[in-house]
Amino acid sequence: MTVLLATDASAEENHTWLRALSQALPGERFVTSRNAAVDPEIDVAMVANPASGSLAGLPSLRLIQSLWAGVNGLLNDASVPADVPLARMVDPAMADAMAQTALWAVLSLHRGFYTCARDQREHRWGMHEQRRADEVGVTVLGLGQMGSRVARSLVREGYRVAGWSQRARSIDSVHCHVGAAALPSLLAQTQILINLLPLTPATVGLIDMHTLAALPRGASLVNLARGAHVVEADLLAALDSGHLEHAVLDVFAIEPLPVEHAFWDHARVTVLPHFAAQTDPRSAAQVAAANVRALREGRALAHLVDRQRGY
Ligand code: NAP
Ligand code: GLV
């Protein structure tokens, strides 16, 4: 049987993936394009932001393995067969990278480093209040693979960490909260809000004017999940009114962020190019390979997406 690699990556990146996957799965045949002769042979698709239609009409397809953690794009694509198991990327190396990005953002917000950068641009020798980490309330929305790892690393740095999830979670020294009813009081105690939710019908647009208004004046937002979680016009209004101090944004409604977008030049916005936690082919190929071996040997597949829940 044959593994289809379908991505929007450059030829060079695909080459890196093919090398890593061939090493992890010697004996498997890989293809990067389809034709009438090869289509019936394809039983596994490994995908990273594939073009719509890439997975339609594959009669033998038995596993779709996402090379990305987030699968909202695949779930929103009606051409992706809904009856084929869909597994997402769960790689501790990605969670480590996410924890590093979140820690950098939290330290920079807590210690006023973005304010210092603004002061430097204006040649201003500004002094800012110094707070202890345990005086800063950080809330992580989403306590899954990324959020739980981020929460643990912030606890280690001494922050007052809370988390929010759909089902009850228990993480040492993290104040875990569940469900929509818990959110307003949680937001009221939050100085730094980190978004690590999956993008689903329940979470799209969650960070809107109401959510932002529930944060105390001077709070900041760190969005590392998906752009559509945030209502961008509401975020800009909250920054412009001074209610929100700063936003660190890795993801956007439209990517790449259009050159004319207001975020680029906003003094209170830090823009990152959707690279908070990139998939690393060296480790991710092993994760994907383990699922292909499980399929071939008739064992249970790992990291399956619950299509009803949407993540
Ligand atoms: P995950 O393991 O599926 O975790 C999702 C978490 O969100 C779970 O704790 C889940 O609750 C919670 N959740 C889902 N819906 C909820 C709701 N309606 N209300 C409250 N909590 C809800 O996801 P992940 O792998 O950590 O990924 C998190 C996000 O990061 C995704 O959006 C992904 O696309 C994004 N991401 C971004 C990058 C980047 O480079 N920027 C890299 C990787 C991932 P339960 O625990 O109760 O299920
Ligand atoms: C990146 O955003 C991912 O979902 O892996």
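The values are calculated or read from the model by the stated rules, or taken from the named source; none is laboratory data. Quick caveat, the model's predicted, so the values are computed rather than measured. With ideal geometry, Cβ positions are generated from the backbone for all residues, glycine too; neighbour counts draw on all protein chains shown. SASA here: full protein model, heavy atoms, side chains in, ligands and nucleic acids out. Shrake-Rupley method; radii C 1.70, N 1.55, O 1.52, S 1.80 Å.
Here are some notes:
- Candidates per GluC sites (Glu not before Pro) in region 60-143, loop by DSSP, up to 13 other Cβ within 10 Å: Glu122, Glu129
- Residue-span extension gain [Asp172 to Ala233] - 0.36 nm each, minus C-alpha spacing: 18.3 nm
- Cα gyration tensor shape for the chain, rounded if a/c is under 1.5, else prolate or oblate: prolate
- Scalar couplings 3J(HN,Hα) for region 306-311, obtained by applying the Karplus form with A = 6.51, B = -1.76, C = 1.60 to θ = phi - 60°, are 8, 5, 5, 6, x, 7 Hz; x denotes Gly and Pro.
- The simple Förster model, with R0 at 35 Å and r as the Cβ-Cβ distance, assigns Trp264 and Val38 a FRET efficiency of 0.20.
- Between Ala300 and Thr16, the simple label model (points 7 Å from Cα in the Cβ direction) yields a spacing of 3.4 nm.
- Using R0 = 41 Å, the C-beta based FRET efficiency linking Arg62 and Ala182 works out to 0.55.
- Ratio of the Cα radius of gyration of region 67-184 to 2.2 N^0.38 Å, where N counts its residues: 1.36
- Solvent-accessible area, 1.4 Å probe, carbon plus sulfur percent, for region 94-271: 55 percent
- Where Arg152, Arg282 fall by accessible area, highest first, once all protein chains stay in place (1.4 Å): Arg282, Arg152
- Length released on extending from Ser52 to Val84, taking residue separation times 0.36 nm less the Cα-Cα span: 9.9 nm
- Using a probe of 1.4 angstrom and keeping all protein chains present, the accessible surface of region 1-131 works out to 52 square angstrom per residue.
- For region 244-259, 3J(HN,Hα) per residue [Karplus equation, 6.51 cos²θ - 1.76 cosθ + 1.60, θ = phi - 60°, Hz, x = Gly/Pro]: 9, 7, 7, 10, 9, 10, 9, 9, 9, 4, 10, 10, x, 4, x, 4
- Residues Thr200 and Arg282, FRET efficiency given R0 of 30 Å [Cβ-Cβ distance, rounded to 0.05]: 0.50
- A quarter of the convex hull surface defined by the alpha-carbon atoms of region 94-271 gives 10.0 nm² as the mean projection.
- When you count the other C-beta atoms within 10 angstrom of each residue and take the mean per peptide, 54-64, 285-295 line up highest first as 285-295, 54-64.
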